[in-house]
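> Mind having a look at this structure? Questions to follow.
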Amino acid sequence: MLELATPHPRFQRSFIEAADEFLAVGEGQYANVPTLRPGAFPEDVRFTREELEEPERFARFATWVASQKDEGTPRPEGYVASTELWMVVGGEYVGRISVRHELTELLLTWGGHIGYSVRPSARRRGYATRALALMLPVAADLDIDPVLVTCDTDNEGSRRTIERNGGVYEDTREGKLRYWVPATTRDVIRTGRSSGQGV
């Protein structure tokens with residue numbers, strides 16, 4: 001069963017394996033390593049793929065990711081505070097999900113409140129659906145309700161993930177489907193099945 005966990009050094013090996021999978025399929029933007037977007041991050045929070053092999057450096061990275069929920073944490077200009085949790089199955093990192101605490105004009109069109117990614121080898125197992133279900137109460141605790149979630153117009157899997165969690169389609173903007181998902185209505189299909197069983 002998939003669970004959400006606070007970023008932690010114990011996930012180092014599987015996190016790096018997942019990052020390499022994203023890079024191998026040309027999806028480096030989802031690998032969750034700051035330096036994959038050169039120049040975007042402050043000097044003191046830049047990490048290289050090679051550095052993450054070092055346990056102490058990875059521990060610092062995990063701590064920094066977890067600290068993004070705090071308003072005072074250094075972050076690139078235009079970024080907002082966000083609570084990021086890691087998708088974990090059997091003690092292994094399979095992806096990430098985060099809820100942004102506020103929306104900028106860009107996020108209102110493109111990114112929404114919640115963003116997620118699942119490593120290529122773990123897709124089509126219902127993990128994103130389960131993770132979104134588990135993240136909605138976190139958003140509610142932040143007084144974010146409903147939650148804006150977007151996906152590319154051609155991303156059928158993500159569209160189903162959002163709709164299974166009660167997403168209500170609003171419109172399409174610049175290639176993004178925009179849905180509002182209730183964060184506090186408990187009778188929506190939080191785990192992808194009406195019985196409440198995980199997928």
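Each reported figure results from applying straightforward, stated rules to the coordinates on display, with no laboratory input. Only a predicted model underlies this, so the values are computations on that prediction, with no experimental measurement involved. Every residue, glycine as well, gets a Cβ built from its backbone with ideal geometry; the counts of neighbours run over all protein chains shown.
> Taking only Cα atoms, what is the 0 to 90° angle, nearest 10, from helix 55-66's long axis to the longest principal axis of the chain?
Tilt relative to the chain: about 30 degrees.
> Using a ≥ b ≥ c from the Cα gyration tensor of the chain (square roots of the eigenvalues), is it rounded, prolate or oblate, where a/c under 1.5 gives rounded and otherwise the larger of a/b and b/c decides, a/b for prolate?
Since a/c reaches 1.5 and a/b is larger than b/c, the shape of the chain is classed as prolate.
> Using R₀ = 22 Å, calculate the FRET efficiency as 1/(1 + (r/R₀)^6) where r is the Cβ-Cβ separation of Leu103 and Glu170; round to 0.05.
Taking R0 as 22 Å, the efficiency between Leu103 and Glu170 is 0.95.
> Can you tell me the orientation of helix 127-141 relative to the chain, as the angle in degrees between its alpha-carbon axis and the longest Cα principal axis, to the nearest 10?
The answer is roughly 90 degrees.
> For Ser158, Ser14, what ranking results if the residue with the fewest other Cβ atoms within 10 Å of its Cβ goes first?
Ser14, Ser158
> For the stretch 73-105, run through the GluC sites (Glu not before Pro) and keep only the ones in DSSP coil with at most 12 other Cβ atoms within 10 Å of their Cβ. Walk me through the numbers before you get to the answer.
Numbers: sites: Glu77, Glu84, Glu92, Glu102, Glu105; in loops: Glu77, Glu102.
Sparse-neighbourhood loop GluC sites (Glu not before Pro): Glu77, Glu102.
> Farthest toward the dipole's positive end in the chain, which of Ser117, Ala133, Val33, given Cβ charges of +1 (Lys, Arg) and -1 (Asp, Glu) about the Cα centre?
Result: Ala133.
> Please report Met1, Met135 as a ranked list, fewest other C-beta atoms within 10 angstrom at the top and most at the bottom.
Details: Met1 10, Met135 26.
Taking fewest neighbouring Cβ atoms as first place, the list is Met1, Met135.
> On full extension of the chain, what length is gained from Asn155 through Ala24, given 0.36 nm per residue of separation minus the C-alpha to C-alpha distance? Present the calculation step by step, with values, prior to reporting the outcome.
Values: separation 131, 0.36 × 131 = 47.16 nm, distance 1.96 nm.
Residue separation times 0.36 nm, minus the Cα-Cα distance, leaves 45.2 nm.
> Taking the alpha-carbon centroid of each part, what is the distance from the stretch 154-174 to the stretch 67-103 in angstrom?
21 Å
> Still on this structure, please answer the following. Let me check against my output: what whole-number percent is the relative contact order of the stretch 3-181, with C-alpha pairs under 8 Å and at least 6 apart?
Rounded, it is 18 percent for the stretch 3-181.
> Measure nothing but the geometry: give the 0 to 90° angle between the long axis through the Cα atoms of 12-24 and the longest principal axis through the Cα atoms of the chain, rounded to 10°.
Tilt relative to the chain: about 80 degrees.
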